[in-house]
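Undergrad: Questions regarding the structure given below will be posed in turn.
The values are calculated or read from the model by the stated rules, or taken from the named source; none is laboratory data. Computed from a predicted model, the values in this text were never measured in an experiment. Using ideal geometry, Cβ is built from the backbone for each residue, glycine included, and neighbour counts are taken over all protein chains shown. Only protein heavy atoms, including side chains, enter the accessible area calculation; ligands, DNA and RNA are left aside. Shrake-Rupley method; radii C 1.70, N 1.55, O 1.52, S 1.80 Å.
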Amino acid sequence: MRRPRYRILADQLVEAIALGEFAVGSRLPTEHDLCAAHRLSRGTVREALRCLEDAGMIVRLPGAGTTVVASRPIHEYHLIASTHDGIMELFERTKLSQPTAEELDADTRLAAQLDVEVGSHWFALCGRRVLRNEPSTLVCWSEHYHPDKASSERLRRGDLTPLNVETLTTEQVVAAEVLRGDLAEALGADAGSPALVVRRRHFDANRRLVDIGVHTHPADRYQVRMTFPAAVAGAGP
């Protein structure tokens, strides 16, 4: 799988910061300089810097440049994807640990959770999701539902490419819920405690539902971070 250019540049900058080439408190090169040095478009460079900003490593302010604020990523897993590349990044950075597979018909509870018909038939793959580079770090409980067994087997093998993601339409819903007892036990959390649930439904060009993912995060294992730059003095409304 060929990695996006912005992701390659982002990883290079992360490594450079970790090695001390850009110390905490120092400035990164300008977008113009990064474009020239790496022969990349400004859009690609901006996307790479956005990755570092989302990771909590840099702060970007108009007129003040880009400042390094952390020597390593603070948030390596971004639970809410906003692009197809973001979905791919989730799969690149995490994996299912010893997932279980089963074939089932949706009961009333599951049908409501997935927004499908009661009695519809699914192949399910469920398990704890961990960081690939740090398998001891438990991120969430992931459930994947497919209408055919072949799709489930491809996911088990990790056979996911940018092409088959980009050809799908994705609907993402994020909701606050309380943690069910069975999931609390699996995640080492308290039953009834707060949780954030991210549901993604993927449709093909014919609007056929081909995949549903449900990812449950205990409240103490997620954080959504956003930075809103200061308004430029003298700017109009």
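To keep it simple, each residue is scored yes or no on (1) on the phi > 0 side of the Ramachandran plot; (2) in contact with a helix residue (DSSP H, G or I) (Cβ under 7 Å, 6 or more places away or on another chain); (3) open to solvent by 40 Å² or more (accessible area, probe 1.4 Å); (4) not aliphatic (A, V, I, L, M).
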{"site": "Val68", "(1), (2), (3), (4)": "no, yes, no, no"}
{"site": "Lys95", "(1), (2), (3), (4)": "no, no, yes, yes"}
{"site": "Glu102", "(1), (2), (3), (4)": "no, no, yes, yes"}
{"site": "Asp107", "(1), (2), (3), (4)": "no, no, yes, yes"}
{"site": "Gly119", "(1), (2), (3), (4)": "yes, no, yes, yes"}
{"site": "Phe123", "(1), (2), (3), (4)": "no, yes, no, yes"}
{"site": "Leu138", "(1), (2), (3), (4)": "no, yes, yes, no"}
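Undergrad: Can you name every residue in segment 185-219 that is touching a residue at least 24 places away in the same chain (Cβ under 8 Å), closer than 17 Å to Val139 by Cβ and of a type in the set (A, V, I, L, M)?
TA: Matches in segment 185-219: Ala186, Leu187, Ala189, Ala195, Leu196, Val198, Val214, Ala219.
Undergrad: Okay, next question. Could you grab the pairs with beta carbons closer than 6 Å, sequence gap of 6+ or different chains, first residue in segment 93-105 and within 16 Å of Gly213 (Cα to Cα), second one open to solvent by 50 Å² or more (accessible area, probe 1.4 Å) and part of a strand (DSSP E or B)?
TA: Within 6 Å, the pairs are Ser97/Arg128.
Undergrad: With the checklist (1) among the charged types (D, E, K, R); (2) part of a helix (DSSP H, G or I); (3) modelled with pLDDT of 90 or more; (4) touching a strand residue (DSSP E or B) at 6+ places or on another chain (Cβ under 7 Å) in hand, flag the one item Arg156 doesn't pass.
TA: (3)
Undergrad: Tell me, please, whether a residue that is in a helix (DSSP H, G or I) and either at pLDDT below 80 or surrounded by 15 or more Cβ atoms within 10 Å (Cβ to Cβ) (or both) can be found in segment 78-85.
TA: Looking for residues that are in a helix (DSSP H, G or I) and either at pLDDT below 80 or surrounded by 15 or more Cβ atoms within 10 Å (Cβ to Cβ) (or both), one finds at least one in segment 78-85, hence yes.
Undergrad: Next question. Are any of the residues in segment 25-35 among the hydrophobic types (A, V, I, L, M, F, W, C), farther than 21 Å from Val198 by Cα, assigned to a loop (DSSP other than H, G, I, E, B) and open to solvent by 50 Å² or more (accessible area, probe 1.4 Å)? Step through it out loud before you land on a result.
TA: Restricting attention to segment 25-35, the residues satisfying the condition of being among the hydrophobic types (A, V, I, L, M, F, W, C) are 28, 34-35.
If we keep only those that are farther than 21 Å from Val198 by Cα too, we end up with 28, 34-35.
Next, from what is left, pick out any that are assigned to a loop (DSSP other than H, G, I, E, B): 28.
Cutting the leftovers down to open to solvent by 50 Å² or more (accessible area, probe 1.4 Å) gives us none.
Within segment 25-35 (the criterion being among the hydrophobic types (A, V, I, L, M, F, W, C), farther than 21 Å from Val198 by Cα, assigned to a loop (DSSP other than H, G, I, E, B) and open to solvent by 50 Å² or more (accessible area, probe 1.4 Å)), the answer is no, since none of the residues qualifies.
Let's see how each residue does on (1) part of a helix (DSSP H, G or I); (2) exposed (fewer than 15 other Cβ atoms within 10 Å of the Cβ); (3) modelled with pLDDT of 85 or more:
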{"residue": "Cys126", "(1), (2), (3)": "no, no, yes"}
{"residue": "Arg129", "(1), (2), (3)": "no, no, yes"}
{"residue": "Tyr145", "(1), (2), (3)": "no, no, yes"}
{"residue": "Val173", "(1), (2), (3)": "no, yes, yes"}
{"residue": "Val224", "(1), (2), (3)": "no, yes, no"}
{"residue": "Ala231", "(1), (2), (3)": "no, yes, no"}
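Undergrad: Restricting to segment 36-66, give me the number of residues that are in a loop (DSSP other than H, G, I, E, B) and surrounded by fewer than 16 Cβ atoms within 10 Å (Cβ to Cβ). Reasoning before the result, please.
TA: Our first condition is that a residue be in a loop (DSSP other than H, G, I, E, B); within segment 36-66, this holds for 39-41, 55-57, 62-64.
Remaining after also requiring surrounded by fewer than 16 Cβ atoms within 10 Å (Cβ to Cβ): 39, 41, 62-64.
Residues in segment 36-66 being in a loop (DSSP other than H, G, I, E, B) and surrounded by fewer than 16 Cβ atoms within 10 Å (Cβ to Cβ): 5 in total.
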